Amino acid sequence: MPDANVSSVLVRPCPDPKFGDYQSNALMGLAKRNQLNPRDLAAQVIEQIDVADCCEPVGIAGPGFLNFRLKTSALSDTLVGAA
């Protein structure tokens, strides 16, 4: 969706660590406004985003949550670089 406003996309810590480190429900609202299936939209987004350097494969949960789990190696590299 090239015309989608992503300035208000919210990514927050997952309330339950079994789902990942962070989650976003932004696609559910976007899907509703565009009369799309939120899980289908989430699958399309996952195919397009490149977070492989910092995250494990992105998961879809429930009606269209995107779940992100940070790679330990990415965290370690960031901490070493900041030291």
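Readers should treat all values here as calculations from the given coordinates under stated rules, not as data from a laboratory. None of these values were measured; they are calculated from a predicted model. We place every Cβ from the backbone using ideal geometry, glycine too, and count neighbours over all the protein chains shown.
Points worth noting:
- With the charge dipole of the chain set up from +1 on Lys and Arg Cβ and -1 on Asp and Glu Cβ about the Cα centre, the Cα lying farthest toward the positive end among the listed residues L36, P57, G20 is that of L36.
- What the Cβ-Cβ distance of L36 and D77 gives, at R0 = 35 Å and to the nearest 0.05, is a FRET efficiency of 0.45.
- Region 22-82: relative contact order in percent, alpha carbon pairs under 8 Å with at least 6 residues between: 36
- With R₀ fixed at 25 Å, the C-beta to C-beta distance from A43 to F19 puts the FRET efficiency at about 0.90.
- Working ranking of peptides 32-39, 46-53 by packing, defined as the average number of other Cβ atoms within 10 Å per residue, highest first, is 32-39, 46-53.
- With contributions of -39500 (n - 2.57) from each DSSP H run of at least four residues, the per-residue ellipticity at 222 nm computed over the chain stands at -10500 deg cm²/dmol.
- About the Cα centre, charge dipole magnitude for region 22-82 (Lys/Arg +1, Asp/Glu -1 at Cβ), debye: 320
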